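*Asks:* Here it is: the structure, laid out below.
We did not get these values from a lab; they are worked out from the coordinates using the rules stated. What you see is a predicted model, and the numbers here were worked out from it, not measured in a lab. Don't worry about glycine lacking a Cβ; one is built from the backbone with ideal geometry, like all the others, and counts go over all protein chains shown.
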Amino acid sequence: MVEKIELDAVYEISQDIVVREIEGELVLVPLAAGIGDMEDDLFSLNETGKAIWNSLDGKKSLTAVAQMLEEKYDSPAGVIEEDVGGLIQELVKRKMVKKVDG
């Protein structure tokens, strides 16, 4: 079952991920079995993905992340929220990020 992403929720990065920057992209490498076992084990993020990833501090809601990115990029709010939600959906599915309880 796919977890529904809530824009008012807070998400944090899994402790079972190693992140390396290679040629301007972030490469996410799972450390534990069952993490990242989707199409491939590695997952890379472009500039926008990096900005979203770097904003996942376990304190800000996805809505706050999207608002912050709206100021950085010249893009409509709905587009940014859709991008944030889509990336988080994929990262949750791969167990690379998780929703903060509470």
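*Asks:* Rg and Dmax of segment 10-96 over Cα atoms: what are they, in angstrom?
*Replies:* In Å, with Rg to one decimal and Dmax whole: 12.8, 39.
*Asks:* Could you give me the ³J(HN,Hα) list for segment 70-83, computed from phi with Karplus coefficients 6.51, -1.76, 1.60 and θ = phi - 60°, whole Hz, x at Gly and Pro?
*Replies:* Karplus-based 3J(HN,Hα) across segment 70-83 equals 4, 6, 7, 10, 8, 8, x, 3, x, 5, 4, 4, 5, 5 Hz.
*Asks:* While we're here: Please sort 62-69, 23-30 by packing, taking for each peptide the average over its residues of neighbouring beta carbons within 10 angstrom, highest first.
*Replies:* Details: 62-69: 19.0, 23-30: 14.5.
Those peptides, ordered most packed to least, come out 62-69, 23-30.
*Asks:* Taking the alpha-carbon distance from K98 and a cut-off under 24 Å, which lysines remain once sequence neighbours fewer than 8 residues away in the same chain are dropped?
*Replies:* List returned: K4, K50, K59, K60.
*Asks:* Right, next: Mind ordering 84-92, 7-15 by average Cβ neighbours within 10 Å, highest first?
*Replies:* Descending mean neighbour count gives 84-92, 7-15.
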